[in-house]
Amino acid sequence: MNILAFESSCDETSVAVVKDGREILANVIASSADLQSQFGGVVPEIAAREHVKVITAVIAEALAQAACTMEDIAAVAVTAGPGLAGSLLVGVSAAKALAYAYNKPLYPIHHLAGHICANFLCDPNFDVPYTGLIVSGGHSHLVTMDKEYNFQILGRTLDDACGEAFDKIARALGLPYPGGPQIDKLSFAGDSTRYEFPESHLQNALDFSFSGLKTAALTYINRAKMQAEQKGINWTDLLNINDFAASFQAAIIRTLVKHSEKALKLTQARRFALAGGVAANTHLREALAAMCRKNKVDFTCPDRILCTDNGAMIGAAAYYLILSGVKPTDSTLNAYPSWSL
Ligand code: KG4
Ligand code: ZN
């Protein structure tokens, strides 16, 4: 079954063709991140306009790369939320138009279900049931997916998302957007024990809170900037950026690994999956793989290109949604910016 899948919830316009939820025939991604970088983050208006500019070409390219026509497509799937309203609407409108014009069943997909289902595309042995961690620019969730392909949320962030914390601190350090990959890179040359960060203790041990960590990081940076100004020196002489990036990242990873291990103990799952943009982080991948090895649990993590937003993950999620027996929607489908999993 070939699924034509759309993803446009943030600043990536992506259209993919996925066969049987496992095989990528095409996964075309056009990103406006470079343009957004000039503004220090995603400007929703600009993101929506960029989607409109490129979506038709991205659809054509995806079908061409897959060597498909619409006749070869069994179903159309689209990220209907959560995300930026204007951005989501572009993908939803395009998917609805194609489904209607070619009389194909249409399936709305939750963005986070898409992220975690990217794991089906990377490991032929990956299957339900599993416990997973989704860490992106907008979300941090611990989830399980059962044999009927139902999701259950075990824990979530109570404030900032994990990627958001990376991006905000990177911005305060003067690094370009998106900040996660920048901090990842700098931390290779840094001492992760140099700066100390607080750990949050929450009622539900599987929930996350990154705002205390973010405030502590901003306090370090602002103090260094203030003292440097008084002394007439550069603030980077007072705060070693490599060590700081490594320490900040290590604090985030410690929390993610600890909570993931607790989630595995609770669910007794034999499989753990990592997903979302932050899953591209080298140290996080290594740390979670080590924790899973220790607990004799299989660990899966998508290739880096499938960690950040892409259409293929939506095609994979749609296949498993269809297997679960969900009926297709119709052309009344809307975008749902705050859709919860
Ligand atoms: O999943 P995604 O592409 O978009 C959302 O759904 O939000 O995630 C984007 C987030 C950004 O916050 C970005 O900084 C972060 O993923 N990210 C990383 C890395 N690559 C992307 N964070 C840490 N290390 C990375 N290597
Ligand atoms: Zn995402």
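Any read-out appearing in this document is the output of simple, stated calculations on the displayed coordinates, not a laboratory observation. The structure displayed is predicted, hence computed values, not measured ones. Because the Cβ atoms are built from the backbone with ideal geometry, glycine has one as well, and the counts that use them run over all protein chains shown.
Given Cα pairs under 8 Å that are at least 6 residues apart, what percent is the relative contact order of the chain?
Reported relative contact order: 25 percent.
When Rg and the Kirkwood Rh are both derived from Cα coordinates, the Rg/Rh ratio for the chain amounts to 1.00.
Would you give the gap between the C-alpha center of the range 149-166 and the C-alpha center of the range 190-269, rounded to a whole Å? Rounded to whole Å, the Cα centres lie 18 Å apart. Bridges between two residues of the range 1-160, per DSSP, are antiparallel at a rate of about 75%.
DSSP beta bridges fully contained in the range 128-301 are about 60 percent antiparallel.
If R0 is 25 Å, the Cβ-Cβ spacing of Ala189 and Glu229 corresponds to a FRET efficiency of close to 0.45. Look at Val18, Val326, Val43 and count the other Cβ atoms within 10 Å of each Cβ; fewest to most, that gives Val326, Val43, Val18.
Find the relative contact order for the range 1-153 and round it to a whole percent, using C-alpha pairs within less than 8 Å whose residues are 6+ positions apart.
Computed over the range 1-153, the figure is 22 percent.
A Förster radius of 25 Å combined with the Cβ-Cβ distance from Lys262 to Glu23 puts the calculated FRET efficiency at roughly 0.15.
For the range 128-301, the percent of C-alpha pairs falling in each 10 Å distance bin, counted from 0 to the bin holding the largest distance, reads 10, 38, 32, 14, 5, 1, 0.
Comparing mean-square fluctuations of Glu164, Glu50, Glu71 from a GNM of the chain with C-alpha springs under 10 Å, the top value falls on Glu71.
Could you work out the local net charge near Gly311, counting Lys and Arg as +1, Asp and Glu as -1, over the other residues with Cβ closer than 12 Å to its Cβ?
Details: positive: none; negative: Glu7, Glu12, Glu61, Asp309.
The answer is -4.
Cβ-to-Cβ counts within 10 Å put Phe120, Phe126 in ascending order as Phe126, Phe120, the fewest first. Between helix 282-294 and the chain there is an angle of about 80 degrees, using the helix long axis and the longest principal axis of the Cα atoms.
Protection proxy ranking, highest mean first, for peptides 240-251, 189-200: 240-251, 189-200, where packing is the per-residue count of other beta-carbon atoms within 10 Å, averaged.
Spin-label pair Ser331-Ser211: with each label point 7 Å from Cα along the Cα-Cβ axis, the two points sit 4.4 nm from one another. With neighbours defined as other Cβ atoms within 10 Å of a residue's Cβ, the residues Asp34, Asp11, Asp159 order from fewest to most as Asp34, Asp159, Asp11. Computed from Cα positions, the angle between helix 44-65 and the longest principal axis of the chain comes to roughly 50 degrees. Looking at this model, which pairs from Lys19/Lys147; Lys185/Lys294; Lys19/Lys96; Lys225/Lys262; Lys168/Lys296; Lys96/Lys147 are more than 28 angstrom apart at the alpha-carbon? From Lys19/Lys147; Lys185/Lys294; Lys19/Lys96; Lys225/Lys262; Lys168/Lys296; Lys96/Lys147, over 28 Å: Lys225/Lys262; Lys168/Lys296; Lys96/Lys147.
Axis angle, to the nearest 10 degrees, between helix 162-172 and the longest C-alpha principal axis of the chain: 50 degrees.
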